[in-house]
Amino acid sequence: MSYTNLLYHIVYATKDWFETFFHGVTLDLWRKAIPLEQTTAEAEFLIDHLNCDAGARVLDVPCGNGRLSFELAQRGLRVTAVDISEEFIAEARAIQSGPPATAGGSDSSTRVEFILGDMRHIEDQGIYDGAYCFGNSFAFLEHAELEKFLRAIARALKPGARFIIETGMAAESVLPDFEEQSSHDMGDLALTIKERYLAAESCIDSEYIFERDGQTESRLAREWIYTVAEIRRMLERAGLSVLDLYGSLKCKPYKLGSRELFIVSEAR
Ligand SMILES: C[S@@+](CC[C@H](N)C(=O)[O-])C[C@H]1O[C@@H](n2cnc3c(N)ncnc32)[C@H](O)[C@@H]1O
C-alpha cells in the first residue's frame, strides 16, 4: 500500500466536519453543481407543496448562498434563511444589497432575513408557516443530532405547517450504485471523490480532492445514511406527519434507486 493510500485509509472525517468544510473551493463546487433551471424547478416544487399563502413566513435551513430563499421571496414568501458558512451568508447579503435587477434584488418586499447560524441550534417557537431543508444537507447530522434538529423544526412551525426535505443520501438512493471513487470535470475545477461505506455506523466517509490551477486541496466529509422508513419514523417521532414521498421534482413515486428523495411532512 502506498503512503497516500495508507493515509487515506486512516483519516476519518471529524463529527463536526461541516463546521470547516464549507468555504472556498467547496462553495465553488456547489455553485457549479446547481444550474439556474434546477433552482427554478425546486422553487416551483416548494411553492406547490409548502401550501403557503403570499406573505407566509418560511424557514430555509441550511440556505447556502440563498439561491432558493431569493426565489421564494420573489414568489411572495417572507423567508428566514440560516447557514453556518460565513462566506455563503456574506455572499447572500451582498446579492441582496445589489441592484433590484439581480437575483436577490433590493426591493424591501422581497428581502430575506439571512442569519449566520447552526441548524443544530434553532430555537424559534411556532412562528413559521413552512420550512425546508434542501441541497442534500439532511445527511450531515448523526442520529441524535438529526432527531434534535427535527424536533426543533417541529417546534418552530405552526400546527399544520409543512416541512419539506430534499436529499440524495437516503439508503435506497445511495447504496444500490455505491462507487468508491468518482471523478468530475467541472470546467476549471477537477474533482475526485473517494468514498468508504462504514457499515457498522451506516455512514459514508468521503475525501474530496480538488485540483485547480495546478493546486490540490483535500477536504473530508461524513454523511449519515438513513433508510426512508428511518427518516419517516424520525419525522413522526418529532411531531411531523409524512404526507408524500417523491422521487423527482415531477412528483414521480420514490422507489429503490431513485436519485433524489423529496419528503413532504406536516407539523401536528
Ligand atoms: C450543499 S449546501 C446546500 C445549501 C442550500 N440548502 C442549497 O440548496 O443551495 C450545504 C450547506 O449546509 C450548510 N451547513 C452545513 N452544516 C450546517 C449546520 N450545522 N448549520 C447550518 N448550516 C450548515 C453549509 O454551510 C452549506 O451552505
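Which pairs break 29 Å Cα to Cα here: LYS194/LYS252; LYS15/LYS158; LYS32/LYS252; LYS32/LYS158; LYS32/LYS148; LYS15/LYS250? Can you show the working numbers first?
On the way: LYS194/LYS252 31 Å; LYS15/LYS158 32 Å; LYS32/LYS252 26 Å; LYS32/LYS158 35 Å; LYS32/LYS148 32 Å; LYS15/LYS250 35 Å.
Listed pairs above 29 Å: LYS194/LYS252; LYS15/LYS158; LYS32/LYS158; LYS32/LYS148; LYS15/LYS250.
For the chain, adding -39500 (n - 2.57) for each run of n ≥ 4 DSSP H residues and dividing by the number of residues yields -9000 deg cm²/dmol at 222 nm. Seen from LEU240, the other residues with C-beta closer than 10 Å to its C-beta sum to a net charge of +3, counting Lys and Arg as +1 and Asp and Glu as -1.
Tell me, what are the semi-axes, in whole angstrom and largest first, of the equivalent ellipsoid of the stretch 143-239 as set by the roots of 5 times the Cα gyration tensor eigenvalues? Mind showing how you got there, number by number?
On the way: eigenvalues 211, 54, 28 Å².
Values for the stretch 143-239, descending: 32, 16, 12 Å.
In the chain, the DSSP beta bridges split such that about 70 percent are antiparallel, to the nearest 5. Computed over the stretch 159-212, the range of Cα coordinates on each principal axis works out to 48, 31, 17 Å, biggest value leading. The shape of the stretch 81-185 comes out oblate: with a ≥ b ≥ c from the C-alpha gyration tensor, a/c is at least 1.5 while a/b does not beat b/c. Dipole size of the stretch 86-228 about its Cα centre, with +1 on Lys/Arg Cβ and -1 on Asp/Glu Cβ: approximately 680 debye, rounded to the nearest 20.
Starting from the Kirkwood Rh over alpha-carbon pairs, what translational D in µm² s⁻¹ does the chain have by Stokes-Einstein at 20 °C and 1.002 mPa s? Estimated via Stokes-Einstein, D reaches 111 µm²/s. Charged side chains reduced to their Cβ positions (Lys and Arg at +1, Asp and Glu at -1) give the chain a dipole of some 800 debye around its Cα centre.
No value in this document is a laboratory result; all are computed from the given coordinates. In this text the structure is predicted, and so the values were computed from the model without any measurement. Please note: Cβ atoms are built from the backbone with ideal geometry, for glycine as well, and neighbour counts cover all protein chains shown.
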